[in-house]
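Working notes, beginning with the structure itself.
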């Protein structure tokens, strides 16, 4: 899809089965491969569509069996409260995401959502720079879309880094609501050649930076913005167990000790994180 | 055994030594926090019991990430007993434990320590609250450098620990056994001889996962504990072995995902079960297991769920 949805493509149906106010069964209403091995799924999840904020995630069970066993967290791409649809974008990277990519409209998914913290953008932010790496583009897409609608006049620059042009997508969407959208690819096959943090000098007039991507990229953003007088926030990922704060499996190290990606995160003040590139 | 008519209520109460649980379904330590985390999904007071996340005297930061990883039909964890410590427990967590206890859900404190003295101190401090039904001695955590499973794999140390803690409380003592021993029945016998009232098993298996591309272990601590359906057949065999060896009640656990798994553990000799990894996969599992067990009893003509315990018909 290349444009935000303005009409309702989904027939009105009865509400999704509600197991609790965080646990739902949703019908797949959209399944589209937008780039090689990159999928957008839309799920009919009215409660999630109504309440989810940029940065939050869905914790999705892939099948009823025991392999794969654990749920997988997926950052929310956007929501359509009117239609009761929440969408995710994911890359096929292993068994679990391969199973998910096989789901077709009409099938169902079992989700815990919306979970985790969201991006908080102070009211005085006039110019926001978003720094995305690969699949890390997802929560920043949601953030840019929501903010541009909620705060007319806000200037959003979206820097999208990837290995190659094949891994850069949805730029036309982003151009509708961002002042500037720049692709940066390691092989130069789309946009600028190089890595996103190489362009940090162009972010200097930002009132805030928000980032999401590989640990190495986040480390580079940390380094380059270390003494900038603006907030620098980032959405993180981790291997995750319960997604609810109970198992303590998904922690990252911060200046205040270990914190849970599912509960204190996934959105953190990037300066508080002690990131190890090896992890 | 009397066959109840269809629709008749099955008596779901079970006896764990001196304790009566309103039903045999509990949640395993470390998978359910202090009960509060799952309140957003359902009312935990429906459970027969809750085994709290391990407590130590001082707060513990736990192990470096990565701490968990999925393996075939199982998962590895290496949390490292991260917990708030006993003082913070009293300040922040104990009030909800009181609520659980008031509604008839047994609260089991899982205690972890590096020394016999620290175990004794934990018991002494927890005697101050009346919301704890029993103490589960965690002598089987595979993920800490000291303490942890050393008590649970050395019979002499285990005997010393249990007999030293025993005089400090009138509450039941539960020993949570480690599976990585040659003869788990012998460890159960030692525990009971030293004063344990209840045996719970199994804790996770020491195990590891490797990233071949990076030529590195996945977990920061190299090894972790394996849980989930992958360990269930081994856990069943161990519950069966312990049932033959000792007369005290058993809390069985290891990969229980469904009511059928739970029924198998009861038949093998457990009086109650603990649901662990399934809490992560499908949070309502314990409640569905409870409903499924009741239906199973009705279908098989058991008026009381406790009749299932050890009802395995051996060839």
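For the range B:16-34, indicate whether the set of residues that are surrounded by 18 or more Cβ atoms within 10 Å (Cβ to Cβ) and more than 23 Å from residue B:283 (Cβ to Cβ) is non-empty.
yes
Of the numbered conditions (1) within 9 Å of chain A (Cβ to nearest Cβ); (2) surrounded by fewer than 18 Cβ atoms within 10 Å (Cβ to Cβ); (3) touching a strand residue (DSSP E or B) at 6+ places or on another chain (Cβ under 8 Å), residue B:68 satisfies every one except a single condition; which is it?
So residue B:68 meets the others, but not (2).
Is the range A:74-85 home to any residue that is out of contact with any helix residue (DSSP H, G or I) (no Cβ under 6 Å at 6 or more places or on another chain) and within 14 Å of chain B (Cβ to nearest Cβ)?
no
I'd like the full set of residues that are closer than 24 Å to residue B:161 by Cβ and crowded, with 20+ Cβ neighbours inside 10 Å, limited to the range B:98-130.
Scanning the range B:98-130 gives B:106, B:107, B:108, B:109, B:110, B:111, B:112, B:113, B:119, B:122, B:123, B:126.
Within the range A:63-73, which residues are more than 10 Å from every other protein chain (Cβ to nearest Cβ) and within 16 Å of residue A:107 (Cβ to Cβ)?
Of everything in the range A:63-73, just one residue is more than 10 Å from every other protein chain (Cβ to nearest Cβ) and within 16 Å of residue A:107 (Cβ to Cβ), namely A:63.
Got a sec? Which strands (runs of 3 or more DSSP E) wholly within the range A:217-274 have at least 2 residues that are in contact with a helix residue (DSSP H, G or I) (Cβ under 8 Å, 6 or more places away or on another chain) and within 14 Å of another protein chain (Cβ to nearest Cβ)?
By residue number, no strands (runs of 3 or more DSSP E) qualify.
Which residue is nearest to the chain's Cα centre (by Cα), if the candidates are limited to the range B:19-41 and must be farther than 26 Å from residue B:87 by Cα and either modelled with pLDDT under 95 or outside any loop (DSSP other than H, G, I, E, B) (or both)?
This residue is B:25.
Taking only the range B:45-65 into account, find how many residues are in contact with a helix residue (DSSP H, G or I) (Cβ under 9 Å, 6 or more places away or on another chain), more than 11 Å from chain A (Cβ to nearest Cβ) and either within 20 Å of residue A:252 (Cα to Cα) or touching a residue at least 60 places away in the same chain (Cβ under 8 Å) (or both).
Residues in the range B:45-65 being in contact with a helix residue (DSSP H, G or I) (Cβ under 9 Å, 6 or more places away or on another chain), more than 11 Å from chain A (Cβ to nearest Cβ) and either within 20 Å of residue A:252 (Cα to Cα) or touching a residue at least 60 places away in the same chain (Cβ under 8 Å) (or both): 8 in total.
The values are calculated or read from the model by the stated rules, or taken from the named source; none is laboratory data. Not measured: the values here are computed from a predicted model. Because the Cβ atoms are built from the backbone with ideal geometry, glycine has one as well, and the counts that use them run over all protein chains shown.
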